[in-house]
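Before any comments, here is the structure.
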Amino acid sequence: MSRLLVALLSLVVTASIYGDEGDKSGTLELSPLRWDDISVVDNPIVTTIIDKLNSARSDLEYNVVGKAPIEGFYEVQVTGGPILYVSADGDFFFDGNLYQVKNGQFADVRNLRLDVARRQTFATMSTDSMIIFESEGKPKAIINVFTDVDCGYCRKLHKEVPQLNAMGVEVRYLAYPRSGIPSASYDKIATVWCSDDRQGSLTRSKNGDDDAIAVCKNNPVAEHFTLGGKLGVTGTPAIVLMDGSMLPGYRTAADFARLLGLNSQAQGS
């Protein structure tokens, strides 16, 4: 049974990354789950749920996100922890992944909701705080990459950037120091974002040649780190496409070419 369950659930990953052949978005078009008033929960219910959870574990911080797609249950985010699905009276909860049974697949409910949040975020977010490696010519695709300068696979991905740019892919970097804030990784990546030459500093740091630590005030690293947590980032590199789908881990330029429906050969070379 366990092997069968793993095999079935693996369909979730495949369906969330690859769409129909020729679909340049790279994702299967899934309508987000619809449930009533996801952002609106009656205050008495919020109070009841929070009070009941606090009565058991007052050392944790809880935030009621909204109604869950299961009748009578609500999504509760534990700060720095998991999503809980809690009954309206606060007496029962469960954690872990919640799946919706859809035609041809099992769909992770939280990822469906996060896809929408990520799509809306990057459709409206200013690029001023990002480090951007522009495509050659008009962009054919954009990838948003949460990165850490000490991450080995982030360094490998950065070596693919010139070919990605040649294929027409614009690479937008956001900072995500895996060791948290404060940390040595934070100091390094904040130094990159504080540099007058952000692109050069980032490349040097990813090549193991860090600039002298110089952390400026009001750098955007903490903001990026918090945003990443809200959008489901747990490690680096975490790549978010403009349709909101997230691809964790390293991929080659050729992988992206197939995923995005692009010619893997550099144009005009």
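FYI, it's all coordinate maths here, none of it is from the lab. This structure is a prediction, so every number in the text was calculated from the model and none was measured. When we count neighbours, we look across all protein chains shown, and the Cβ atoms used for this are built from the backbone with ideal geometry, even at glycine.
Shape verdict for the range 57-107, please, from the Cα gyration tensor: rounded (a/c under 1.5), prolate (a/b greater than b/c) or oblate. If you can, show how the numbers build up before the last one.
On the way: a/c = 2.76, a/b = 1.79, b/c = 1.54.
Here the range 57-107 falls in the prolate category.
Going by C-beta contacts inside 10 Å, put SER201, SER195, SER126, SER183 in order with the fewest on the left.
On the way: SER201 23, SER195 18, SER126 6, SER183 13.
If I rank by nearby Cβ atoms, fewest first, I get SER126, SER183, SER195, SER201.
Please report the antiparallel percentage of the DSSP beta bridges confined to the range 126-260, to the nearest 5. Don't jump to the answer; show the numbers that get you there.
Values: 10 of 17 bridges.
Bridges in the range 126-260 are about 60 percent antiparallel.
Which net charge results for the neighbourhood of LEU174, defined as the other residues with beta-carbon distances under 11 angstrom from its beta-carbon, given Lys and Arg at +1 and Asp and Glu at -1?
Numbers: positive: ARG172; negative: ASP148, GLU223.
For residues surrounding LEU174, the net value is -1.
Output the relative contact order of the range 126-260, whole-number percent, from Cα pairs under 8 angstrom with separation of 6+ residues.
Details: 228 pairs, mean separation 41.6, N = 135.
Value for the range 126-260: 31 percent.
Hey, fewest Cβ within 10 Å first, where do ASP211, ASP59 land in order? Spell out each step's value before the answer.
On the way: ASP211 16, ASP59 5.
If I rank by nearby Cβ atoms, fewest first, I get ASP59, ASP211.
Between ALA184 and LYS217, take the C-beta separation as r, use R0 = 22 Å, and let me know the FRET efficiency to the nearest 0.05. Show your work: numbers first, answer last.
Details: r = 19 Å, r/R0 = 0.86.
That gives a FRET efficiency of 0.70.
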